[in-house]
Each structure stands twice: as structure tokens, then as C-alpha cells.
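For reference, the structure discussed in these notes is given below.
Derivation of every value follows stated rules applied to the coordinates shown; laboratory data play no part. Because the structure is a prediction, the values reported are computed rather than measured. We place every Cβ from the backbone using ideal geometry, glycine too, and count neighbours over all the protein chains shown.
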Amino acid sequence: MFTQSVEYALRTVVCLAYGGDLPQTTVQIAKKTLVPKAYLSKVIQLLTRADILISRRGIGGGVSLKIHPEKLKILDIVNAIEPIQRIKTCPLGLKAHGVLLCPLHKRMDEALEMVERAFAASSLAEILAEPNSSYPLCEIKPDSPVPSFQEKISLKS
């Protein structure tokens, strides 16, 4: 349902959220997320244009989140890469159907609407804070535990 680019964007923002305020290079992000560096650069560019990331060149530069994970909605990330396309008119172009969708396309649009609502209601912080033995979109070595997002916030205070 979602493209590889959307998957890579989600991996990228998860990786950056785990990194806190510290900028990360594309090489670091690519290694942690298993996203090819050339592809990652394109994804970062799109997320930067959408004001989700900040990208700085030079010494001390790198990529970081521009929006705090509490305020960053999953839908914002998805839409920055490839917006969810709702079905407004007959995808087959049948003039008799026009804006009156057939039962199949109506159900498909309703499913897209549910996904859209679920992603709009889910922040990145909520996803990261959800108790689970696996970390979202990341390969984490068992011998190097990563603190939860809430623990990371309290460590910075």
C-alpha cells in the first residue's frame, strides 16, 4: 500500500527521533536504517522541503528533526513523500459513475480514509513510546538497549 520511499522516510524520522537533538550524517542514518545512501538523500530532501527535517552542511552539520516528535504526525511524514490519494471520481473514468463511486471503489476510499485518520491521530512520539520488545523500523542489537523516547526526554532534563 505504501511505497518504499514512504518506508524509508518513516525509518529516517524514527532514527532521528532516537538520536535526540544531535544531528546525524546521511552515512550514519543510512547505516542505522538500512536505506541506500543515494536514496536516503532524496528522501531527506523531500522531508526537508516539507519542514519536517533540518539539514545543515559542514562541520557539526547533519540532519535532525525540525518538529518535535510529540507534534509530528505520521500522516505528515507520509504526505511529505507520497500523499494518500483518496478516490474522488471513478478511477476507470466511467462517465456514468462520475463522482458516484461503485461499491468497490467506495469501500476502497473508505479504507484510505481510515488509514488517513489513524495516521493523522498518531504522533511519532506515541509510536516510539508504545511498549513493545521491538523498536519501530530499526534493527537494534540486543546488547545495546535504546532507552524509550520518554526516558530520553527525562535524561535530557
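Pairs over the 30 Å Cα-Cα cut-off, from the set LYS32/LYS73; LYS32/LYS106; LYS32/LYS66; LYS42/LYS71: LYS32/LYS106. Remark: relative contact order (the range 4-135) = 25 percent; criterion is Cα-Cα distance under 8 angstrom and separation of 6 or more residues. Taking the average, over residues, of other Cβ atoms within 10 Å as the packing measure, peptides 93-104, 23-34, 2-13 rank 2-13, 23-34, 93-104 from highest down.
Evaluating 6.51 cos²θ - 1.76 cosθ + 1.60 at θ = phi - 60° for every residue in the range 69-77, the Karplus couplings come out as x, 5, 9, 8, 8, 4, 4, 4, 5 Hz, glycine and proline recorded as x.
Need the full-extension length gain, MET114 to VAL27, defined as separation in residues times 0.36 nm minus the C-alpha distance. One decimal, nm.
Values: separation 87, 0.36 × 87 = 31.32 nm, distance 3.56 nm.
Working it through step by step, the gained length comes to 27.8 nm.
Sequence-ordered 3J(HN,Hα) estimates for the range 19-26 from the Karplus curve with 6.51, -1.76 and 1.60 and θ = phi - 60° stand at x, x, 7, 6, x, 10, 7, 5 Hz, glycine and proline given as x. Phi-derived couplings, Karplus 6.51 cos²θ - 1.76 cosθ + 1.60 at θ = phi - 60°, listed residue by residue for the range 39-46: 5, 4, 4, 5, 5, 4, 4, 5 Hz, with x used for Gly and Pro.
What length, rounded to one decimal in nm, is gained on full extension from GLU7 through to ALA121, with 0.36 nm per residue of separation minus their alpha-carbon distance?
Numbers: separation 114, 0.36 × 114 = 41.04 nm, distance 1.86 nm.
Extra length from GLU7 to ALA121 when fully extended: 39.2 nm.
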